[in-house]
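**Q** Here's a structure for you.
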Amino acid sequence: MKITPADQWFGRCIKERVGWTCERCGKVYNIPDTQGLHCSHFIGRGNYAVRFEPLNAFAHCCACHFYFEGNPHIFTSWSKERLGVDLYELLLEKSNDIMAGKSARRELKEIAQHYESEYNRMLGERARGVVGRLEFTGY
């Protein structure tokens, strides 16, 4: 599956959100290590309705990402625990929105611009000394 600029900027936001740290094992990566730390989608990237949804993505090292891919039942439990039942159910509901998926396919350039802007804002927060988890606005 092709990685678009929208995917790249979204992935950077996901990784920056947690300070370039694997959310499962805690391994810390150098910024911007785009090889070792992955943007791991709970609901696969093929579902455009939630492909760029912050609730649907986590920062996982290669090993943890592959572990969850091989054990989807464990990834489901882990994701539900991380999000809480209400956000988990909201994510599932969003994933069924066919019109949102069609819109996302048409708006990849705008999505990329949005997440590039969010990433740069997050870098500004870090430069001002903000540590810990940084939230960002989804498209």
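The values are calculated or read from the model by the stated rules, or taken from the named source; none is laboratory data. All values reported here derive from a predicted model rather than from experimental measurement. Cβ sites come from the backbone with ideal geometry, for glycine too, and all protein chains shown count toward neighbours. Just the protein is used for accessible areas: all its heavy atoms, side chains included, with ligands, DNA and RNA removed. Shrake-Rupley method; radii C 1.70, N 1.55, O 1.52, S 1.80 Å.
**Q** I need to check one value: relative contact order of the chain, counting alpha carbon pairs closer than 8 Å and at least 6 residues apart, in percent. Provide the component values of the computation, followed by the final result.
**A** Working: 171 pairs, mean separation 49.0, N = 139.
Answer for the chain is 35 percent.
**Q** Using only the Cα atoms of the stretch 22-100, build the gyration tensor, take square roots of its eigenvalues as a ≥ b ≥ c, and label the shape rounded, prolate or oblate: rounded if a/c is under 1.5, else prolate if a/b is larger than b/c, else oblate.
**A** Details: a/c = 2.04, a/b = 1.54, b/c = 1.33.
Judged from the Cα gyration tensor, the stretch 22-100 comes out prolate (a/c at least 1.5, a/b above b/c).
**Q** Still on this model: With springs only between Cα atoms under 10 Å, which of 65, 41, 114 fluctuates most in a Gaussian network model of the chain?
**A** Maximum fluctuation in the GNM of the chain, among the listed residues, is at 114.
**Q** Test of understanding: in a Gaussian network model of the chain with alpha carbons linked when under 10 Å, which of 39, 62, 22 would top the mean-square fluctuation ranking?
**A** Its mean-square fluctuation being the largest, the pick is 62.
**Q** Taking the Cα centre of the chain as the origin and placing charges on Cβ (Lys, Arg +1; Asp, Glu -1), which of 46, 123, 79 is farthest toward the positive end of the dipole?
**A** 123
**Q** Taking the Cα centre of the stretch 72-117 as the origin, how large is its charge dipole in debye, to the nearest 20, when only Lys and Arg (+1) and Asp and Glu (-1) carry charge on their Cβ atoms?
**A** Details: 7 positive and 8 negative charges, 43 e Å.
So the dipole magnitude of the stretch 72-117 works out to roughly 200 debye.
**Q** Another question about this same structure. Please give me the summed charge of the neighbours of residue 75: other residues whose Cβ is under 13 Å from its Cβ, Lys and Arg +1, Asp and Glu -1. It would help to have the intermediate numbers written out before the result.
**A** Numbers: positive: 24, 80, 82; negative: 23, 69, 81.
Local net charge: 0.
**Q** Residue 85 accessible area, nearest 10 Å², 1.4 Å probe?
**A** Here the accessible area works out near 80 Å².
**Q** Mind checking the stretch 98-139 for GluC sites (Glu not before Pro) that DSSP puts in a loop (not H, G, I, E or B) and that have at most 13 other Cβ atoms within 10 Å? Please list the in-between numbers first.
**A** Details: sites: 107, 110, 116, 118, 125, 135; in loops: 107, 135.
Those satisfying the criteria are 135.
**Q** How far is the Cα center of the stretch 13-44 from the Cα center of the stretch 48-104, in Å?
**A** 15
**Q** If each DSSP helix of 4+ residues adds -39,500 (n - 2.57) and the sum is divided by the residues in the chain, what number results at 222 nm, nearest 500 deg cm²/dmol? Mind showing how you got there, number by number?
**A** Numbers: 6 runs with 74 residues, N = 139.
-16500 deg cm²/dmol, from helical runs alone.
**Q** At a Cα cut-off below 23 Å, give the lysines reachable from residue 27, other chains included and same-chain residues fewer than 8 away excluded.
**A** Output for residue 27: 15, 80.
**Q** Assigning unit charges at the beta carbon (Lys, Arg +1; Asp, Glu -1) and nothing else, what dipole magnitude in debye, to the nearest 20, does the chain show about its Cα centre?
**A** On the way: 19 positive and 17 negative charges, 60 e Å.
So the dipole magnitude of the chain works out to roughly 280 debye.
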